[in-house]
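Student: The structure under discussion is supplied below as structure tokens; questions concerning it will follow.
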Amino acid sequence: MAKIGIYGSSFDPITNVHLFTASTIANRCKLDKVIFLPCSNKRKDKTMNTEDKHRWNMLEMAIKSDEKFTLDNFEMKQDAWKISTYDTMKHLKTVYPEDDLYFIMGADLLVDIGDGKWGSADKLVSENKFIVMARDGIDMLKAISGSPLLRNNDDGSTFHLIDKGIAMEISSTYIRDEFAIGGEAKYLLPTSCYKYIKENELYGWKNSSKEIGSK
């Protein structure tokens, strides 16, 4: 039986923080595999900033050198208003029936689930396991104890809390903003993705007279 982490995000674009997070969690939680799961571009709560093919291509480039990392496009192919994380986990359990699956998320999302803001939140929590990453200003133990939904489904193994040395502030939004104003994001994402963004003029970046890597 393998231990597999399911890491969902928009990855718009994928960053070095995403990779650091996935690698750190895989090491600390003894995961055999981390599945990167880009979300649907039809989500009502979030607008994607580039086409699916670009998000997917950059993910492929970013993870290809790590044998523990893989991709799944299940959510990317779905209408976001017709599917929930519960549905996704149910599907993945049919793909990996003999393995132990963990949904990876930030503590802010734990709070939202505890408040019942996610679809099928009760079944999601009662039927799955989670790896939860610390977020500044959120007490994860209080979030669990303060939610009847979370605390009554916590058998001691439901939530694996990662609360040290993993909260980092550089986000995809930060990187997109840097590209849009001509800032520098070279060392915030994989080199291959940095070049890909410039070559394809993504996130508002436009070619200049400077070649990538020139002085």
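Residues checked against (1) under 27 Å from LYS90 (Cβ atoms); (2) in contact with a Cys (Cβ under 6 Å, 6 or more places away or on another chain); (3) at pLDDT below 95:
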site: TRP118; (1), (2), (3): yes, no, yes
site: GLU127; (1), (2), (3): yes, no, no
site: GLY137; (1), (2), (3): no, no, yes
site: LYS142; (1), (2), (3): no, no, no
site: ASP155; (1), (2), (3): yes, no, yes
site: ILE166; (1), (2), (3): no, no, yes
site: ILE170; (1), (2), (3): no, no, yes
site: GLU184; (1), (2), (3): no, no, yes
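Student: Quick check on my filter: what residues within region 49-75 are among the aliphatic types (A, V, I, L, M) and closer than 14 Å to GLY8 by Cα? Before the answer, list the steps.
Tutor: Residues of region 49-75 that are among the aliphatic types (A, V, I, L, M), as a first pass: 58-59, 61-63, 71.
Correct list: LEU59, LEU71.
Student: Here is a follow-up. Restricting attention to region 20-54, which residues are under 20 Å from ILE83 (Cβ atoms) and of a type in the set (Gly, Ala, Ser)?
Tutor: SER40, the sole residue that qualifies.
Student: If you don't mind, another one. Return the residues of region 3-22 that are surrounded by 15 or more Cβ atoms within 10 Å (Cβ to Cβ) and not in a strand (DSSP E or B); say none if nothing qualifies.
Tutor: Hits for region 3-22 are SER10, PHE11, ASP12, PRO13, ILE14, THR15, ASN16, VAL17, HIS18, LEU19, THR21, ALA22.
Student: Considering only residues that are outside any helix (DSSP H, G or I) and surrounded by fewer than 17 Cβ atoms within 10 Å (Cβ to Cβ), which ones fall in region 86-117?
Tutor: Correct list: TYR96, PRO97, GLU98, ASP99, ASP100, ASP115, GLY116, LYS117.
Student: Something else now. Among the residues of region 120-136, how many are part of a loop (DSSP other than H, G, I, E, B) and over 18 Å from the mean Cα position of the chain (by Cα)?
Tutor: So the answer is 1.
Okay, residues lined up against (1) without any contact (Cβ under 8 Å) to a residue 24 or more places away in the chain; (2) within 21 Å of ASP112 (Cα to Cα); (3) crowded, with 20+ Cβ neighbours inside 10 Å; (4) of a type in the set (Lys, Arg):
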site	(1), (2), (3), (4)
CYS29	no, no, no, no
LYS33	no, no, no, yes
LYS46	no, yes, no, yes
ASN73	no, no, no, no
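Quick grid of which residues meet (1) in contact (Cβ under 8 Å) with a residue 40 or more places away in the chain; (2) touching a Ser or Thr at 6+ places or on another chain (Cβ under 6 Å); (3) under 18 Å from GLY106 (Cα atoms); (4) polar (S, T, N, Q):
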{"residue": "VAL132", "(1), (2), (3), (4)": "no, no, yes, no"}
{"residue": "ASP139", "(1), (2), (3), (4)": "no, no, yes, no"}
{"residue": "PRO148", "(1), (2), (3), (4)": "no, no, no, no"}
{"residue": "ASN152", "(1), (2), (3), (4)": "no, no, no, yes"}
{"residue": "GLU178", "(1), (2), (3), (4)": "no, no, no, no"}
{"residue": "CYS193", "(1), (2), (3), (4)": "yes, no, no, no"}
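Student: Any chance region 53-63 includes a residue that's farther than 27 Å from GLY137 by Cα, surrounded by fewer than 18 Cβ atoms within 10 Å (Cβ to Cβ) and in contact with an Asp or Glu (Cβ under 9 Å, 6 or more places away or on another chain)?
Tutor: no
Student: Among the residues of region 48-71 satisfying the criterion of being free of Cβ contacts under 8 Å to residues at least 40 places away in the same chain and part of a helix (DSSP H, G or I), which is nearest to ASN200 (Cα to Cα)?
Tutor: Per the criteria, the residue is LYS53.
The values are calculated or read from the model by the stated rules, or taken from the named source; none is laboratory data. Because the structure is a prediction, the values reported are computed rather than measured. Here Cβ is always computed from backbone atoms with ideal geometry, including for glycine, and neighbour counts include all displayed protein chains.
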